[in-house]
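Read-outs throughout are calculated quantities, based only on the coordinates presented, and are distinct from any laboratory measurement. What you see is a predicted model, and the numbers here were worked out from it, not measured in a lab. Here the Cβ positions follow ideal geometry from the backbone for every residue, glycine too, while neighbour counts run over all protein chains shown.
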Amino acid sequence: MGKKKIIKATLLYDGISKSENKFIVVENNKIIDITPKNLKADFEGIVTPAFIDAHSHIGMFRDAEPYVEQEGNDYLDQFLPLADPLNSIYFDDRSLQNAVDFGNLYSCIVPGSGNLMGGKAMVIRNFAQFRNSALIKDYGYKMALGYNPRSTTEWKGKRPNTRMGIYSLLEEKFDKVLAKKQKAEVNRKKKILDLDENLKSKKINKNIYDQKLQFVQTEYELEFNNEDKAILELLDRKKVAKIHVHKEDDVLYLIKFVEKYGLKATADHTGDVHHKEIFDELAKHKIPIVYGPIGGIGGKVELLHAYYQNAELLYHSKADFGLMTDHPVVWAPHLRDSLKFFLIVGMSKENAISLITKKNAKILGIDDQLGTIEKDKLASLIVWNNDPFDLSAFPKMVMAEGKIIRE
């Protein structure tokens, strides 16, 4: 058993609510107790959970490297679901260190948005020294709608230059895999029924039945190549489609696409959405939003209506949402700064903190481990020298899964 560490939270934003004068007891990598009982504390200050960036390119677009060395997009093809961004991260990127300095300990890293399917979405530890200790979760697949995938006509593969072209290409791909799945399942079902009949009539024994059943399953799986299997993970709702989208009409297409194929998906960005009804429509179809980045410059016509005031529409909508930096579009340590747009329109401080802790953890499916300061959760937290909403606030101590990594 490791030595217990005790943190006195003079003010505790636990990711759900706020309270005063609580003592957080940490043993090994877990929070084992939270109590008002007075204990001798190793650290004292205002405490929040570690921050989680729900959409980032950190480690792939690297600090102080020329653009030609970036690894955010692969130009090989429109469909690259097998591309793993973890293979393109250098963990000596100083942006990762900067993020950790400000308590931003976790990121969902994704390839860029130049391809319809750019690769995997992976949740990582920003504080990992090397890649072999970085991965938290293989979460889903990065996809893209709108201007970005139609702007890459000089790259390799089929490259339509219109949205009608890229969307027809996208549906053609999914339709082919879906048709192959349906045909393979009919064949598998027929063979299993034949086996069941042979077992029932005692033409084969149970051992032979089990062997042949395994062969039928193997035969089924061999119908699909690895790219097909990635799309099958989406069709079977085993993974999440993390879909880049900005403009309102593309958001409505996203909803149609998700409904057609029965996908689990998030709408990432939605920066140009400037009508509350569109946010409500995503809520109606139970599609969470990973909103942002807020505070950057609109670098394309697609962001014509990307006003900071849209945060008020999102806040008053029914949508379930968390926040992103889209690093390097907005610097990773500025994740906390994006909360100000929601405070301005009336959100409470505890609910604002929740956007980059509990809400992001829930959207990424890691809320069983992270996102709140609760008993039995991983002890990833920040002790601040001041209220984290103060401009001068800076971590006095950063704890990552029970280890003090900044003090």
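List of remarks:
- Whole-number percent relative contact order across the chain, with pairs defined as alpha carbons under 8 Å at least 6 apart: 21
- About the centre of its Cα atoms, the chain shows a dipole size close to 1340 debye [charges on the beta carbon of Lys, Arg (+1) and Asp, Glu (-1) only; nearest 20 debye].
- Length gained on full extension, Lys183 to Ile405, computed as 0.36 nm times the residue gap minus the Cα-Cα distance: 74.6 nm.
- Sorting 379-388, 314-323, 195-204, 23-32 by their mean Cβ neighbour count within 10 Å, with the most densely packed peptide first, gives 379-388, 314-323, 23-32, 195-204.
- Working ranking of peptides 118-124, 178-184, 251-257 by packing, defined as the average number of other Cβ atoms within 10 Å per residue, highest first, is 118-124, 251-257, 178-184.
- 0 to 90° range, to nearest 10: angle between helix 248-261 axis and the chain longest Cα axis: 50
- At R0 = 41 Å, FRET efficiency that the Cβ-Cβ distance of Asp101 and Glu172 yields, to 0.05: 0.35
- Computed packing ranks the peptides 159-171, 297-309, 326-338 as 326-338, 159-171, 297-309, most packed first, by mean other Cβ atoms within 10 Å.
- Along the stretch 67-78 the Karplus relation, 6.51 cos²θ - 1.76 cosθ + 1.60 evaluated at θ = phi - 60°, assigns HN-Hα couplings of 4, 5, 8, 5, 10, x, 10, 9, 8, 5, 6, 5 Hz to successive residues, with x for each Gly and Pro.
- Dipole of the chain [Lys/Arg +1, Asp/Glu -1 at C-beta], most positive-end residue of Ile405, Tyr13, Val26: Val26
- Listed by chain and number, the aspartates and glutamates placed with their C-alpha closer than 18 angstrom to that of Lys229 are Asp77, Asp84, Asp138, Glu171, Glu172, Asp175, Glu185, Glu219, Glu221; residues fewer than eight positions away on the same chain are left out.
- A simple spin-label model places the labels of Lys3 and Leu39 1.5 nm from each other, with each point 7 Å out along Cα-to-Cβ.
- Rg ratio (alpha-carbon, reference 2.2 N^0.38 Å) - the stretch 169-228: 1.42
- Counting DSSP beta bridges with both ends in the chain, the antiparallel % (nearest 5): 60
- Dipole size of the stretch 174-215 about its Cα centre, with +1 on Lys/Arg Cβ and -1 on Asp/Glu Cβ: approximately 80 debye, rounded to the nearest 20.
- Positive dipole terminus of the stretch 277-407, leading residue within Ser338, Gly298, Phe279 (C-beta point charges): Ser338
- Each semi-axis of the equivalent ellipsoid for the stretch 85-237 is √(5λ) with λ an eigenvalue of the Cα gyration tensor; in descending order they amount to 41, 25, 10 Å.
- Gyration tensor verdict on the stretch 340-397 (Cα atoms; rounded if a/c is under 1.5, prolate if a/b is larger than b/c, oblate otherwise): oblate
- Helix 226-235 axis versus longest C-alpha principal axis of the chain: approximately 70°, rounded to the nearest ten.
- Contour minus Cα-Cα distance for Lys190 and Phe394 (0.36 nm per residue): 67.1 nm
- Rh by Kirkwood over Cα pairs, then Stokes-Einstein D for the chain at 0.890 mPa s and 25 °C, µm²/s: 108
- Rounded tilt (10° steps) of 163-200 against the dominant C-alpha axis of the chain: 60
- For Arg406, the residues whose modelled amide H falls within less than 5 Å of its own, excluding neighbours fewer than 5 places apart on the same chain, are Val398.
- Restraint check, Lys300/Lys396; Lys200/Lys260; Lys189/Lys260; Lys4/Lys340; Lys256/Lys300, Cα-Cα greater than 29 Å: Lys300/Lys396; Lys200/Lys260; Lys4/Lys340
- Applying 1/(1 + (r/R0)^6) with R0 = 30 Å to the Cβ-Cβ distance of Asp387 and Lys30 gives a FRET efficiency near 0.65.
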